[in-house]
Structures are given as C-alpha cells and as structure tokens.
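Student: Structure incoming, see below.
The values are calculated or read from the model by the stated rules, or taken from the named source; none is laboratory data. Quantities reported herein were computed from a predicted structural model and do not represent experimental measurements. Positions of Cβ are generated from backbone atoms using ideal geometry, with glycine treated the same way; all protein chains shown enter the neighbour counts. Accessible surface is based on the protein model in full, side chains and every heavy atom, while ligands, DNA and RNA are left aside. Shrake-Rupley method; radii C 1.70, N 1.55, O 1.52, S 1.80 Å.
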Amino acid sequence: AFHSMVIQLAITIESLKQKEEALTNLAVSLQEEVQRRSITLEHLRKSEAKFKYLAEHDSLTGALNRRSFFSLAQTKLESSVALTYDCCVCLLDVDHFKVFNDTYGHIEGDRALKYIVEQSIANLRQSDIMGRYGGEEFIFFFANASAEQGKAAAERIRAAIEQTPFVLQNNHLTPLRASLGVAVIPVASAKKCESRELLNDAIARADAALYEAKRQGRNRVVMSSLNSMEDH
C-alpha cells in the first residue's frame, strides 16, 4: 500500500509539473500577445497622428493648409470675441519669388518656401498660427494682439527672414525678402458680426495693406486702416 501511495504521489507530482509548465507557456504566450497588441496599437496611434497631421498641414511647407487655418482661426477669433481681446490677421508674400524660381529653379524655390515657414514659426507665440494661403503667400492669426502688437509680430518675422540668408544646395547664400500686411480686428469696438465675416474683412484689409507694402518698395510691414470694418 505504501509503495502504491509513493507511485501515485510521483504521478501526481509529474502531472502538476506538466500543468505548471503548460500554465507557464500560456502565461508567456499571453504576455507576448499583449506585447504584440501594444505594439500594434502604438503603430495605429502613430499612423492616426500622421494622417491627421497630413490632413491639416500643407504637404510642402508644413504650415497649416487653408481649410485647417480658417477653422482654427475662426475658433480663436470666437474666443477673443468672448474675452473682448483684439487680434490681428497678417498676410505675407515673398518678394520677387518668380525671379528667384527663374534663377535657381523650382526645387530651390520649394526649399525657400520651407525656409520662410521655419523662420516665421520660430518667431510666433504659442497662441499664434500660420497657414499657407497660396503659392508664395502665407497667412497668420495673432491671437489676443493689439494693432501695435500685431505689427511688431509681423516685423519680427520680416526681420528674421531678412537677417538670415537662405542657403542654397550648393552652400551659396542668397537673401530673401518678404512684404507683410497686417489688419487688426478690434473686437471690443466692433459691431456684432459673425466671426467668419470679421475674419474675411480682416483678410481683405490685410491684403490691401500687403499690396501697399509692395507699392512702397517691398520688404516692409504695412498696417491697414479700419475703414472697411467701419462701413459694416
């Protein structure tokens, strides 16, 4: 009887070892599956972030595309209206960009546009945004900024572009210049308008100021008048 009990105990111990080994293998498999799922989820999150970025930004320069810029600018404007803070819209156009393209080629022209965006973003506040308006023209929204602050922000951008020569692929340096027009949205004194209407009015005035900057000789910042807003 004792011998039979020893044999049974040995069989039971062996069975438990096999079950323990099976459970260990199962635990390892589950851990590996969790790791695989975690890696997959991380890849999905990165892909989602990448596609979101591509959907919101200009593929060449990295600035916001027009749709995203207007959507975000309108949201920021509505916040400024609620807080009765002035804000500004600014348009930037690269001076003599056609001549630059004709001289150095379109590949260098694309690189120059990226350089313009890099220099501009480096001189923006965290609350400001920049978008590509079209071609070599860019648009900015300066949140919670008076006319003086908006003009100063535009001047910082203009000066940064002028003072940092563009490096061509052959390592030669060439200057770039930009003209900027700025329009303030005096939220506190403006009559009640839709945010989109206020934004469109400011863009029209900034565009007129940009044209005036070019008429005056380029490479300068011009502030718009409030005449068109007062007509509303």
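Student: What are the residues in the stretch 109-122 that are under 16 Å from T164 (Cα atoms) and open to solvent by less than 20 Å² (accessible area, probe 1.4 Å), if any?
Tutor: A112, L113, Y115, I116, V117, S120
Student: Here is a further query. If I filter the stretch 60-81 down to residues being of a type in the set (D, E, K, R) and surrounded by 12 or more Cβ atoms within 10 Å (Cβ to Cβ), which single residue comes out as farthest from L199 (Cα to Cα)?
Tutor: Kept after step one, since they are of a type in the set (D, E, K, R), are these residues of the stretch 60-81: 66-67, 76, 78.
From the residues that got through so far, the ones that are surrounded by 12 or more Cβ atoms within 10 Å (Cβ to Cβ) too are 66, 76, 78.
Values: R66: 13, K76: 11, E78: 10 Å.
Per the criteria, the residue is R66.
Student: Among the residues in the stretch 34-52, are any aliphatic (A, V, I, L, M) and outside any helix (DSSP H, G or I)?
Tutor: no
Student: Looking only at the stretch 185-209, filter to residues that are closer than 27 Å to G134 by Cβ and among the polar types (S, T, N, Q); which one of those is modelled with the highest pLDDT?
Tutor: In this case the residue turns out to be N200.
A quick yes/no check of all residues on (1) among the hydrophobic types (A, V, I, L, M, F, W, C); (2) touching a helix residue (DSSP H, G or I) at 6+ places or on another chain (Cβ under 9 Å):
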{"position": "N170", "(1), (2)": "no, no"}
{"position": "A178", "(1), (2)": "yes, yes"}
{"position": "P186", "(1), (2)": "no, yes"}
{"position": "A208", "(1), (2)": "yes, yes"}
{"position": "E212", "(1), (2)": "no, no"}
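Student: Which of the numbered conditions does A152 fail, given that it passes all the others? Conditions: (1) touching a residue at least 60 places away in the same chain (Cβ under 8 Å); (2) open to solvent by 30 Å² or more (accessible area, probe 1.4 Å); (3) of a type in the set (A, V, I, L, M, F, W, C).
Tutor: So A152 meets the others, but not (1).
Student: What are the residues in the stretch 169-184 that are open to solvent by 10 Å² or more (accessible area, probe 1.4 Å) and more than 11 Å from D93 (Cα to Cα), if any?
Tutor: Narrowing the stretch 169-184 to residues open to solvent by 10 Å² or more (accessible area, probe 1.4 Å): 169-175, 177, 184.
Q169, N170, N171, H172, L173, T174, P175, V184 - these are the residues of the stretch 169-184 that are open to solvent by 10 Å² or more (accessible area, probe 1.4 Å) and more than 11 Å from D93 (Cα to Cα).
Student: Consider T61 against the criteria (1) within 24 Å of G131 (Cα to Cα); (2) assigned to a helix (DSSP H, G or I); (3) modelled with pLDDT of 80 or more: it satisfies all of them except one. Which criterion is unmet?
Tutor: Every condition holds for T61 apart from (2).
Student: If the requirement is being open to solvent by 60 Å² or more (accessible area, probe 1.4 Å) and without any contact (Cβ under 8 Å) to a residue 24 or more places away in the chain, which of these qualifies: H3, H96, H57?
Tutor: Exactly one of H3, H96, H57 is open to solvent by 60 Å² or more (accessible area, probe 1.4 Å) and without any contact (Cβ under 8 Å) to a residue 24 or more places away in the chain, namely H3.
Student: Moving on. Collect the residues in the stretch 1-51 that are under 45 Å from the mean Cα position of the chain (by Cα) and aromatic (F, W, Y), keeping them in residue-number order.
Tutor: Scanning the stretch 1-51 gives a single hit, F51.
Student: Right, next: With respect to A159, determine if the residue is at pLDDT 90 or above and closer than 22 Å to F69 by Cα.
Tutor: On the way: at pLDDT 90 or above: yes; closer than 22 Å to F69 by Cα: no.
For A159, the condition - at pLDDT 90 or above and closer than 22 Å to F69 by Cα - is not met.
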